[in-house]
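In what follows, a single structure is set out as structure tokens and then discussed.
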Amino acid sequence: MKYLMGFFISLFVVFSQLFAYDFQACQDKSKLSLEKIGNDYAVAVESLNDKKSKLFLYSPRTTPKGYNILKHDPFVGMYLLESKKNLTPVTLREITPQILEEEIASITPQDNISGKIQTLMQSPIDFATLNIPTFSNSLISTICDHIYGIGIGENKFIEKKYLERFLKSDSIYYGDIGIRVFENSNDRVEVNIIDPFFKNNPFEYGDIIMMINGEAIGNVSDFHRVVFDLEQDSIIPVRIERNKAIINVEVEVDKRRGGLLLPEDFLGRIGIEISNNFTITSIAPDASNGFEQLKVGDKILSVNKKNVPQGYDAIIRLLGEFPDQQQKWLVARDDFYFFLEVNKKDDDTTNETEEIREYF
């Protein structure tokens with residue numbers, strides 16, 4: 001009996017090896033579709049002409065040198081490049097429930113490692129994962145011609161749907177509704193940053209985001225997934241909880257100006273840049289609505305009689321207490337102090353001289 005059991009175990013091992021995916025063969029074949037770029041690779045995703053291909057490269061920290069850049073997503077760090085040689089573009093497949101049960105590998109011409117899919121992508125910045133590490137710019141594949149995404153390092157990869165969002169778009173676009181959010185201690189999506197000059201911004205700090213454009217928002221990934229794909233200039237409903245009351249607001253969608261891999265650029269909307277102590281460092285030629293009266297070197301001491309804190313984030317939070325509202329800034333210019341009305345509304349009749357006397 002003991003020998004019979006050993007025979008069956010040996011037989012099982014032989015059959016397992018016989019029918020297992022040959023990832024070494026896939027590794028060798030990947031040379032036809034991957035081009036070496038420095039210490040990394042890029043993946044051929046489309047033909048460019050008879051001699052060259054379009055390469056996808058995920059490179060969030062460095063810009064590729066010596067390549068013609070066809071497209072760049074600076075928010076996420078994706079590039080589309082012109083290849084140096086002709087390659088065979090990969091064909092990407094959708095992940096089905098069956099694939100979740102299969103062995104899948106991260107493959108480059110030099111390495112392969114296999115495991116299983118752990119999670120799927122939830123938004124353009126909430127990447128899918130394997131239960132093993134992934135190589136940067138690798139093929140995520142079951143068998144050689146069954147490719148389900150592109151690895152980006154750690155244990156993450158990008159699925160077909162989100163790769164095509166980048167590859168097929170005419171421009172880089174992420175929707176914005178004027179807020180940034182986090183998951184609070186009750187696992188609810190709460191507003192913690194408000195874009196202070198976002199048009200008709202209806203939100204307040206502490207608002208709980210429950211639904212956007214008819215879709216329930218259960219976590220921050222849901223928020224990103226829904227908001228990033230909202231059409232610019234569309235007016236969409238948002239259901240929120242504020243002070244234990246459920247209310248509905250509307251917001252006009254704009255394109256995202258910063259954040260993710262880029263610095264936030266809330267003040268670019270009004271044409272100014274500031275230092276961490278709210279000194280004006282730059283003013284755009286098209287600044288208006290009171291902001292054009294500022295000069296480089298002006299220091300803002302208070303906003304609506306609230307003292308200015310130190311640090312960019314704290315300043316934005318203060319400004320966000322008055323979203324898209326008229327504001328009164330106390331400005332120090334050399335030894336001269338004056339109030340300046342910014343983001344003016346048509347019904348403003350405030351006397352600046354009286355206000356500054358009252359302040360002092």
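The values are calculated or read from the model by the stated rules, or taken from the named source; none is laboratory data. Model, not experiment: these values are computed from the prediction. Glycine gets a Cβ as well: all are built from the backbone with ideal geometry, and neighbour counts include every protein chain shown. Areas reflect the complete protein model, heavy atoms only, side chains present, ligands, DNA and RNA absent. Shrake-Rupley method; radii C 1.70, N 1.55, O 1.52, S 1.80 Å.
Pairs to check: K52/K116; K52/K255; K71/K199; K295/K328. Give those whose C-alpha atoms are more than 26 Å from each other in this structure.
Distance filter (> 26 Å) returns K52/K116; K52/K255; K71/K199.
Using per-residue counts of other Cβ atoms within 10 Å, averaged over each peptide, order 33-42, 84-93 from highest down.
Numbers: 33-42: 18.7, 84-93: 16.3.
So the peptides 33-42, 84-93, ranked by packing, come out 33-42, 84-93.
Given a Förster distance of 45 angstrom, what is the FRET efficiency for L32 paired with T119, based on the Cβ-Cβ distance and rounded to 0.05?
Details: r = 30 Å, r/R0 = 0.66.
The value I calculate is 0.90.
If you place +1 on the Cβ of every Lys and Arg, -1 on the Cβ of every Asp and Glu, and leave all else neutral, what size is the dipole of region 175-255 about its Cα centre, to the nearest 20 Debye?
Value, rounded to 20: 220 debye.
Charges at C-beta only: +1 for Lys and Arg, -1 for Asp and Glu. How large is the resulting dipole of region 268-342 about its Cα centre, in Debye rounded to 20?
Dipole about the Cα centre, nearest 20: 220 debye.
Name the residue from V227, S141, I300 whose Cα lies farthest towards the positive end of the charge dipole of the chain, charges +1 on Cβ of Lys and Arg and -1 on Cβ of Asp and Glu.
Going by the charge dipole, the pick is S141.
What residue among S123, I113, T88 has its Cα farthest toward the positive end of the dipole of region 81-126, where the charges are +1 on Lys, Arg and -1 on Asp, Glu, each on the Cβ?
Value: T88.
How much net charge surrounds C26 when only the other residues with a Cβ under 15 Å from the Cβ of C26 are counted, with Lys and Arg +1 and Asp and Glu -1? Present the calculation step by step, with values, prior to reporting the outcome.
Values: positive: K29, K31, R93; negative: D22, D28, E102, E103, D111, D145.
With Lys, Arg at +1 and Asp, Glu at -1, the net is -3.
Determine the dipole magnitude for the chain: charges of +1 sit on the beta-carbon of Lys and Arg, -1 on that of Asp and Glu, nothing else is charged, the reference point is the Cα centre, and the result goes in debye to the nearest 20.
That gives the chain a dipole magnitude of about 1380 debye.
If the label point is 7 Å along Cα→Cβ of D145, which residues in region 87-110 have backbone nitrogen under 15 Å from it?
Flagged as within label range: 88-93.
What length, rounded to one decimal in nm, is gained on full extension from K71 through to Q24, with 0.36 nm per residue of separation minus their alpha-carbon distance?
Roughly 13.7 nm would be gained on extension.
Between I246 and N200, take the C-beta separation as r, use R0 = 35 Å, and let me know the FRET efficiency to the nearest 0.05.
Approximately 0.95, to the nearest 0.05.
First obtain the Kirkwood hydrodynamic radius of region 175-255 from its Cα pairs, then insert it into the Stokes-Einstein equation at 25 °C and 0.890 mPa s, and state the resulting D in µm² per second as a whole number.
Translational diffusion coefficient: 198 µm²/s.
Quick check: convex hull of the Cα atoms in region 71-219, volume per residue, rounded to a whole Å³?
For region 71-219, the hull spanned by Cα atoms encloses 156 Å³ per residue.
As an exercise, use a Förster radius of 35 Å and the Cβ-Cβ distance of R61 and N186 to find the FRET efficiency, rounded to the nearest 0.05.
0.50
If you compute Rg and Dmax of the Cα atoms in Å for the structure shown, which of (1) 26.8, 102; (2) 20.1, 72; (3) 21.1, 80 do you land on?
(1)
Can you compute the modelled spin-label distance between L261 and Q310, with each label point 7 Å from Cα toward Cβ, in nm?
It works out to 3.3 nm between the two label points.
Write down, largest first, the equivalent ellipsoid semi-axes of region 124-174 in whole Å, where each equals the square root of 5 times an eigenvalue of the alpha-carbon gyration tensor.
Each semi-axis is the square root of five times an eigenvalue, giving 21, 13, 8 Å.
Starting from the 7 Å offset along Cα-to-Cβ, what nm value, one decimal, do you get for the label separation of V296 and M211?
Taking the simple label geometry, V296 and M211 are separated by 5.1 nm.
Could you look at the chain and say what percent of its accessible area is carbon and sulfur, using a 1.4 Å probe and all protein chains?
49
Keeping every protein chain present and rolling a 1.4 Å probe, give me the accessible area per residue for the chain in Å².
That works out to 52 Å² for each residue.
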